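The values are calculated or read from the model by the stated rules, or taken from the named source; none is laboratory data. All of these numbers come straight from a predicted model, not from anything done at the bench. Don't worry about glycine lacking a Cβ; one is built from the backbone with ideal geometry, like all the others, and counts go over all protein chains shown. Accessible surface areas use protein heavy atoms only, side chains included; no ligands, DNA or RNA. Shrake-Rupley method; radii C 1.70, N 1.55, O 1.52, S 1.80 Å.
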Amino acid sequence: DREYITGREFENGTKTAVRTISYDHGTDIVFQGSGAHTDGKTVTLPSMPQDKKLTYRQVHVARGFANHETLHKLLTDFDNCGPRMKEYIDSGRGFTNHMAQAIEDVRIENGGRHLYHGMSKSLNEVADQVCRKFVEGTLKERPELCSDLKSMLPLAITWAGRLRLGYPSEMIKATFNALDKRIQDRASLTVDAVMTIPHGVKGVGEIDTDTA
């Protein structure tokens, strides 16, 4: 928890890192709000206090957001995936949309651990923080969610996937174990299948884009 660098320094360095790792120096990186997402062209990351020092832990979490969105940019087929997701939402299939996103998150992070070995450390930190916020906020207010399969299965898949990928966070493990056994079992079976889906990563820094 020691102070590390300012938010401005982090943002400047992250822009360079995302553009370098994604092999696209034309990538537009925007820091705004508190969430992270990408459409394949623009990467949006949480905004940082410009002159305040971030702790080493905060930097790792923020790097995790950047690494995850960069993996989407490298491995997700937005030309086909985007319209399909919109179709799910427009036709009222929100659960299907959330399941598809969860499956894709596990698939790309499976590729990420082979693409750049250092990615897993920051991805673990961001997953740990997300689980912590969920436990201390949502789950505290709505403990009945632990047995609600439709609400929890997509999230459970991401937790089961990250445990399968070897992320060491005890918080991920505790959050997953708090769920009803049938949700755990269904999530684990789904991850069994996801781990067989090709991710296109051939080695360090090497991707077969067609396969991805």
Next on the checklist: Considering only the stretch 97-111, I want to know if a residue exists there that is basic (Lys, Arg) and open to solvent by 60 Å² or more (accessible area, probe 1.4 Å).
Outcome noted: no
Item to check | Verdict on Met152 being out of contact with any His (no Cβ under 8 Å at 6 or more places or on another chain), surrounded by 19 or more Cβ atoms within 10 Å (Cβ to Cβ) and at pLDDT below 95 | outcome: no
Checklist outcome for this item: Selection over the stretch 41-82 where residues are of a type in the set (Gly, Ala, Ser) and either under 23 Å from Arg162 (Cβ atoms) or modelled with pLDDT of 95 or more (or both) yields a count of 3
Checklist outcome for this item: Out of (1) in contact (Cβ under 8 Å) with a residue 40 or more places away in the chain; (2) surrounded by 11 or more Cβ atoms within 10 Å (Cβ to Cβ), the one Trp159 does not meet is (1)
Next on the checklist: Would you confirm whether or not the stretch 84-100 contains a residue that is within 18 Å of Pro168 (Cβ to Cβ), out of contact with any Ser or Thr (no Cβ under 7 Å at 6 or more places or on another chain) and aliphatic (A, V, I, L, M)?
Outcome noted: no
Item to check | Lone qualifier among Gly64, Gly33, Gly26 - being outside any strand (DSSP E or B) and surrounded by 16 or more Cβ atoms within 10 Å (Cβ to Cβ) | outcome: Gly64
Item to check | Pairs, first more than 10 Å from Ala160 (Cα to Cα) and in a helix (DSSP H, G or I) in the stretch 170-184, second open to solvent by 20 Å² or more (accessible area, probe 1.4 Å) and acidic (Asp, Glu), C-beta under 9 Å, six or more apart | outcome: Glu170/Asp128; Met171/Asp128; Ile183/Asp148
Item to check | Of all residues making up the stretch 105-126, the number that are over 21 Å from Val204 (Cβ atoms) and touching a Ser or Thr at 6+ places or on another chain (Cβ under 6 Å) | outcome: 1
